[in-house]
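First comes the structure, then the notes that go with it.
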Amino acid sequence: MQHLNTHTYNLAIAILAFILVLIASLTSLNLTRKVASSTAWQQKLWIASSALSLGIGIWAMHFISLLAYPFPAGLTYDIQTVLISVSIAVIGALIGFFVMYRSKLVIPKLIVGGTFMGLSLSGMHFIELGALNDVVIHYFPFPFILSIVLSVGVAIIVLYLSAIQNQTFIFSGLIMSSLLMCVHYVGMLAANITYSEKLPSHMHSVYVDKFVLAVIVAFGTIILLCISLLSSLKTDQKLFEQIALQASILTYSMDCILMFNSRGWIIEFNPAAEATFGYSRKHALSLTMLDFLFPFNQDGKAAASLYGHLARQDDSLIGKRFEVTAYRADRSEFPAEMTITGFQYEGKTVYTACLRDLSKSEPRTMLQEKVG
């Protein structure tokens, strides 16, 4: 029996493995960026696609990195065990991603998702080692436990980087891929591998020159990732066109358009609103809807009532057209017709108020009477 030197490896194959996991990380990040701007069923599709891309990419990185070590020629793999390791990687990523996105980044649930994903990826690594025929593997306790703890910590970081929207895309991908590579090499340091000098053939096993096998696995994985990436880029193009159309509507609409969050803070204020209310967009983003509808109500009752109706998606307010008295920057009032709609963005409800100046007609203050 001979011992495998886990401190020696083929640098070219190791670099190939890193490039592969980097592509998988970038593909996954690009797919998760679409979640916030998608409908419910599309969100599930993007989450699943992102997890699938990353899970397969991580498995392929581990498999190819394993080929970088100086195993003897003729070493074979048990195909069934290899397929089990692939399944564990994908299932672990899927559960981790879905737990993380359903939790709206609540820290305990993020930790739960990361823990499950980390344990799955760690299990994948050791099962993948177990797919090698004619080897005997013993594990050093401290590096073994360290590799599992590190896998969980890295999985939590990966899920967090996938969830945050204001990220530096390339930088996040480099962090993810580097950490995932570290997990593999720590796992290998935990393994004391010995192998037979005589390597018999096995049923359900396959032997191919390891460099050729690395290229085949990398090429196949990259094709899958490229299909996912191209599909997402095509969706990006449609999304960009939609955003451009929405920006054009906001800019050139004759009506005032005010977007605000569930706490009433203005998050968008179009040019027509600037002209009507006398506020600049920059100033308006520091105000709430109450400054335009109830500027003299300081007891908070109007705010609580208005936001309560909106939170309940009150049919008498959402999607209905009604008249209000609105107030300009100089506190002069004018009658207006307004419609409020709501939609989901990044897991939160955002409202749009479309308002038209009715200076020539007598206003009916239905909204003020309802919530004032």
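Do we have Trp59 as surrounded by fewer than 16 Cβ atoms within 10 Å (Cβ to Cβ) and either modelled with pLDDT of 85 or more or of a type in the set (A, V, I, L, M, F, W, C) (or both) here? Judged against the criteria, Trp59 is not a match.
Scanning the range 253-267 for residues that are open to solvent by 30 Å² or more (accessible area, probe 1.4 Å), part of a strand (DSSP E or B) and touching a residue at least 40 places away in the same chain (Cβ under 8 Å) yields Met259, Asn261, Ile267. Looking at the range 139-152, can you tell me whether even one residue there is open to solvent by less than 70 Å² (accessible area, probe 1.4 Å), closer than 15 Å to Thr32 by Cβ and part of a helix (DSSP H, G or I)? So far as the range 139-152 goes, no, none of its residues is open to solvent by less than 70 Å² (accessible area, probe 1.4 Å), closer than 15 Å to Thr32 by Cβ and part of a helix (DSSP H, G or I).
Rundown of residues vs (1) modelled with pLDDT of 65 or more; (2) assigned to a helix (DSSP H, G or I), yes/no style:
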{"site": "Phe292", "(1), (2)": "yes, yes"}
{"site": "Asn297", "(1), (2)": "no, no"}
{"site": "Ala302", "(1), (2)": "no, yes"}
{"site": "Asp314", "(1), (2)": "no, no"}
{"site": "Asp330", "(1), (2)": "yes, no"}
{"site": "Pro335", "(1), (2)": "yes, no"}
{"site": "Thr352", "(1), (2)": "yes, no"}
{"site": "Leu355", "(1), (2)": "yes, no"}
{"site": "Pro363", "(1), (2)": "no, no"}
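Does Tyr195 satisfy being under 21 Å from Tyr9 (Cβ atoms), over 22 Å from the mean Cα position of the chain (by Cα), crowded, with 18+ Cβ neighbours inside 10 Å and of a type in the set (Phe, Trp, Tyr)? Answer is yes for this residue.
Only one entry in Val208, Val183 is among the β-branched types (Val, Ile, Thr) and at pLDDT below 65, namely Val208.
What are the residues in the range 268-288 that are aliphatic (A, V, I, L, M) and in a loop (DSSP other than H, G, I, E, B), if any? Answer for the range 268-288, where residues must be aliphatic (A, V, I, L, M) and in a loop (DSSP other than H, G, I, E, B): Leu285, Leu287. Residues that are out of contact with any helix residue (DSSP H, G or I) (no Cβ under 7 Å at 6 or more places or on another chain) and within 23 Å of Ser50 (Cβ to Cβ) occur in the range 75-96; there is at least one.
The values are calculated or read from the model by the stated rules, or taken from the named source; none is laboratory data. Every value quoted in this text rests on a predicted model; they were computed, and no experiment measured them. All Cβ positions, glycine included, derive from the backbone under ideal geometry; neighbour counts span all protein chains shown. Remember, those area values only see protein heavy atoms, side chains included, never the ligands or the DNA or RNA. Shrake-Rupley method; radii C 1.70, N 1.55, O 1.52, S 1.80 Å.
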